[in-house]
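Asks: This structure is in structure tokens; I'll ask about it shortly.
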Amino acid sequence: MSIPAIAPTITHDDATDAAGRPARRRRRRFEPVAGPLRLVLFLIYAVPIFWIILTSLKSPGDVISSQASVVFTPTLNAYIEALGNAGLFTALQQSIVIAAGTTALTLAIAIPAGYGLARVDSRVTTIGLGLLIVLQMVPQTANVIPLFQIFGAWGLLNQNLGVIIADTALLIPFAVLLLRPFFRAVPDALEEAASIDGASTLRTFFSVMLPVARNGVATTGTLIFLLSWGEFLYAVNFFLSPGNYPLSALLAQQVSAFGINWPGLMALAVITSVPILILFVCTYRLLREGLTLGAVK
Amino acid sequence: MTVETSSTLSPATRRAATRPAWPAGTRKRRSPSGNRKKLAFILPAAIFLALFSFYPMVQLLRMSVSTVNSSTLNSAWDFVGLANFAKGVQQGDLGIAFGNTAIFVVVVTVLGLLGGLVAAILLAASTRMSAFVLGLMVFIWALPPVVNGSVWKFLLGDTGLINAMLGGVGLTQHAVPFLYDEHFALMSVAIVNSWAVIPFNALVFRAAILGIPAETFEAARIDGANRWQEIRHMIVPAVRPTTLVLTVLTVVYAFRSFDFIYVMTYGGPGTATNTLPFLSYLQAFVRYDFGLGAATAVISVLLVLVLAFIYARSIRSEEAH
């Protein structure tokens with residue numbers, strides 16, 4: 001997934017929207033055209049996935065003759081070779097450290113910001129939102145050039161921390177804009193009640209706002225993890241040797257090399273995607289609701 | 001850049017207005033001081049972004065007017081004015097990249113929006129099949145672009161699945177060089193990029209379609225509207241505001257996109273898939289001319305500012321209606 005741009009709330013009755021109008025069940029009806037079209041849509045998205053798995057089970061010889069063949073003797077050699085390589089575990093570990101670190105740091109910074117921008121209506125908020133929108137539009141390639149120089153001067157090159165910081169800076173605008181409507185949807189009365197009970201602003205934030213907006217936090221956290229798992233431009237440029245690459249960077253490096261070992265590459269792609277699949281299955285319902293609420297509402 | 005309309009009251013103010021029973025004194029006392037305090041919550045993000053987003057932008061700007069290569073990267077830079085920009089234009093790369101970017105953005109936006117709307121209409125029905133296909137599509141959207149790009153590079157190869165299918169039905173005699181012909185390459189990457197963005201657009205369009213009251217559809221059915229009329233006269237007008245926002249989002253997505261280009265063609269063959277953002281990357285990290293790369297990047301950031309301006313304007317005019 002590339003970072004989807006997020007449009008901040010346009011309508012102002014977020015509260016009713018976020019309360020979640022129950023999804024209406026559309027009646028089933030006989031559609032002679034839609035059925036086959038749905039099948040076509042399914043094939044367009046299923047075949048590439050199927051082909052990754054199929055190819056990862058081939059031996060390199062099967063791929064040279066024809067990359068499209070379906071009849072072959074399946075082999076797990078590509079996986080055995082990949083898993084036998086100690087470098088893979090280093091890469092997996094790097095992916096986990098970078099994705100988890102980025103998720104934690106981004107949430108720690110973006111949650112308070114999302115809350116502040118949701119609750120204060122002033123010139124500062126307007127300017128802040130405008131800047132965030134512009135920032136999330138800036139191409140990543142425009143960030144990587146100065147960051148390479150700055151990190152070089154600050155000794156952050158070739159370090160996980162450097163990549164985590166760069167990923168966090170890249171994802172904060174997205175995270176804040178996604179979180180803000182969730183906080184906006186929390187009724188003011190709830191906060192007022194807490195403050196009448198004598199809770200401080202900070203306490204109200206932690207024990208009232210955060211629990212109520214937890215769906216938003218979970219959605220954002222998941223997306224940040226997915227995005228930083230797939231990010232490779234910073235990793236490829238800020239790590240000076242491939243020995244430190246996370247999985248995504250390894251994949252990017254191998255696919256642009258000459259004489260690609262396709263079964264090996266596809267096995268690597270499958271290994272890179274398995275954690276995504278697990279996370280996706282656990283959070284799909286959340287993502288489906290959260291994205292449509294936060295993205296364009 | 002203003003997105004919030006100035007005419008709209010904050011929810012707090014609105015609620016206070018509709019609730020006269022609320023003791024006015026408490027509210028007046030609490031609101032401003034409470035709000036002021038809440039601005040402090042923005043501080044960590046402001047500091048972090050100032051250090052790692054805005055300061056880099058300043059450095060980028062400085063680089064773009066200096067001579068910077070890999071050996072002078074961390075020493076004093078010679079100021080050269082607009083020489084880097086002039087160099088980019090003279091080499092001809094900049095013009096080509098402009099054209100490529102325009103074609104790329106148009107193709108991805110048109111296909112991404114049309115595909116997203118069609119998919120949303122097809123998947124709006126709550127059948128098991130629809131739910132499954134939607135889930136599959138969103139999963140593919142969630143996969144790293146480097147995985148999706150790798151698969152398509154494989155499928156579009158000379159002996160890949162697409163060429164095997166085209167040859168199989170007798171459409172082509174020879175393999176189509178999808179990724180290394182200068183006419184096909186840009187289109188191929190743009191189409192794959194659209195494929196990757198359609199699931200997100202479909203998800204958002206689908207939410208808009210599900211928001212249409214069921215009674216509207218029932219009334220139309222009673223009046224004898226067929227499915228096509230339903231789409232044309234009810235769904236398309238209903239998703240108009242969504243389309244506006246999604247158009248901007250898709251344009252931005254297409255403009256920023258570099259990952260599929262990186263994986264599938266690396267800007268080639270020649271300059272055929274050099275878009276502005278990718279060209280700046282090549283100039284800086286492959287040719288090690290950081291000044292030249294920074295100049296190209298500055299141009300793409302300026303284009304982003306123009307886009308943001310148009311975006312804010314269009315939202316304001318939409319709200320004025």
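The values are calculated or read from the model by the stated rules, or taken from the named source; none is laboratory data. Because the structure is predicted, anything quoted here is derived from the model rather than measured. Glycine gets a Cβ as well: all are built from the backbone with ideal geometry, and neighbour counts include every protein chain shown. Ligands, DNA and RNA are stripped out before the accessible areas are found, and what is left, the full protein with its side chains, is counted by its heavy atoms. Shrake-Rupley method; radii C 1.70, N 1.55, O 1.52, S 1.80 Å.
Asks: Can you list the residues of segment B:139-154 that have at least 50 square angstrom less accessible area with all protein chains present than in their chain by itself, probe 1.4 Å?
Replies: By number: B:PHE139, B:TRP141, B:ALA142, B:PRO144, B:VAL146, B:VAL147, B:SER150, B:VAL151, B:LYS153, B:PHE154.
Asks: In segment B:268-321, which trypsin sites (Lys or Arg not before Pro) fall in coil by DSSP and have 15 or fewer other Cβ atoms within 10 Å?
Replies: In loop regions of segment B:268-321 (DSSP not H, G, I, E or B), the sparsely surrounded trypsin sites (Lys or Arg not before Pro) are B:ARG287.
Asks: Mind listing the phi-derived Karplus ³J(HN,Hα) values for segment A:40-55, rounded to whole Hz, using 6.51, -1.76 and 1.60 with θ = phi - 60°, and x for any glycine or proline?
Replies: 4, 4, 4, 5, 4, 9, 7, 4, x, 5, 4, 5, 4, 5, 4, 5
Asks: Size of the dipole of the protein assembly as shown about the Cα centre, Lys and Arg at +1 and Asp and Glu at -1 on the beta carbon, nothing else charged, in debye to 20?
Replies: Charge dipole, the protein assembly as shown, about its Cα centre: 2100 debye, nearest 20.
Asks: May I pose another question? With only Lys, Arg, Asp and Glu charged, each at its Cβ (+1 for the first two, -1 for the last two), find how big the charge dipole of chain A is about the Cα centre; round to the nearest 20 debye.
Replies: 940 debye
Asks: Using only alpha carbon positions, build the gyration tensor of the protein assembly as shown, then give the equivalent ellipsoid semi-axes as the square roots of 5 times its eigenvalues, largest first, whole angstrom.
Replies: Sorted largest first and rounded, they come to 39, 33, 23 Å.
Asks: Compute for segment A:77-296: radius of gyration divided by Kirkwood radius, i.e. Rg/Rh, restricted to C-alpha atoms, rounded to two decimals.
Replies: Using Cα coordinates only, the ratio equals 1.04.
Asks: Pairs of alpha-carbon atoms within less than 8 angstrom and 6+ residues apart define the contacts here; what relative contact order does chain A have, in percent?
Replies: 35 percent
Asks: Sticking with this one: Could you give each residue of segment B:174-188 its phi-based ³J(HN,Hα) in whole Hz, using Karplus coefficients 6.51, -1.76, 1.60 with θ = phi - 60°, and x for Gly or Pro?
Replies: Along segment B:174-188, the couplings run 10, 4, 7, x, 3, 9, 10, 9, 5, 8, 7, 4, 4, 4, 4 Hz.
Asks: Any idea how far the Cα center of segment B:242-277 sits from the one of segment A:114-168, in Å?
Replies: 21 Å
Asks: Could you point to the residue in A:ALA100, A:ALA46, A:GLY116 farthest towards the positive end of chain A's charge dipole, with +1 and -1 charges on the Cβ of Lys/Arg and Asp/Glu respectively?
Replies: Comparing the listed Cα positions along the dipole, A:ALA46 ranks first.
Asks: Counting only residues 5 or more places away or on other chains, whose amide H sits under 5 Å from the amide H of B:SER66 once H atoms are built in the peptide plane?
Replies: Those qualifying (amide H under 5 Å, at least 5 residues apart or on another chain) are B:VAL80.
Asks: While we're here: Could you calculate the FRET efficiency of B:THR67 with B:SER317 from 1/(1 + (r/R0)^6), where r is the beta carbon distance between them and R0 is 56 Å, rounded to 0.05?
Replies: Between B:THR67 and B:SER317 the formula returns 0.80.
Asks: Using Cα pairs under 8 angstrom and six or more residues apart, how large is the relative contact order of chain B, in percent?
Replies: For chain B, the relative contact order is 29 percent.
Asks: Work out, in µm²/s and without decimals, the Stokes-Einstein translational diffusion coefficient of chain B at 4 °C, 1.567 mPa s, Rh from Kirkwood over C-alpha pairs.
Replies: The diffusion coefficient I find is 55 µm²/s.
Asks: Please name whichever of B:LEU302, B:VAL106, B:SER71 sits farthest to the positive end of the charge dipole of chain B, dipole taken about the Cα centre and charges placed at Cβ: Lys and Arg +1, Asp and Glu -1.
Replies: Towards the positive end, the residue furthest out is B:LEU302.
Asks: Using θ = phi - 60° and the Karplus relation 6.51 cos²θ - 1.76 cosθ + 1.60, list the HN-Hα couplings for segment A:114-123 in order, rounded to whole Hz, with x at every Gly or Pro.
Replies: x, 5, x, 5, 7, 9, 9, 10, 8, 4
Asks: Tell me what chain B gives for mean residue ellipticity at 222 nm when only DSSP H runs of n ≥ 4 count, each as -39,500 (n - 2.57), the sum divided by the residue total, rounded to 500 deg cm²/dmol.
Replies: -21500 deg cm²/dmol
Asks: Is there a simple number for the mean count of other chain Cβ atoms within 10 Å of the Cβ of residues in A:146-156, and what is it?
Replies: 5
Asks: Next question. Using helices alone, I'd like the mean residue ellipticity at 222 nm for chain A: each DSSP H run of four-plus residues gives -39500 (n - 2.57), total over residue count, nearest 500.
Replies: It lands at -23000 deg cm²/dmol.
Asks: State which stretch of chain A is the longest one without any exposed chymotrypsin sites (Phe, Trp or Tyr not before Pro), exposure meaning a DSSP loop state and at most 15 other Cβ atoms within 10 Å.
Replies: A:31-257
Asks: Provide the FRET efficiency to the nearest 0.05 for the A:LEU202-A:ARG123 pair, computing r from the beta carbons and using R0 = 22 Å.
Replies: 0.35
Asks: How big is the dipole moment of chain B about its Cα centre under a simple scheme where the beta carbon of each Lys and Arg is +1, that of each Asp and Glu is -1, and everything else is neutral? Debye, nearest 20, please.
Replies: 1940 debye
Asks: Continuing with this model, one more query. With unit charges on the beta carbons (Lys and Arg positive, Asp and Glu negative) and the dipole taken about the Cα centre of the protein assembly as shown, which residue among A:LEU135, A:ILE80, A:PHE151 sits farthest to the positive side?
Replies: A:LEU135
Asks: Right, another one. Quick check for you: which residues of segment A:192-229 have the amide N under 19 Å from the point 7 Å beyond the Cα of A:ARG285 toward its beta carbon?
Replies: Residues passing the 19 Å test: A:212-223.
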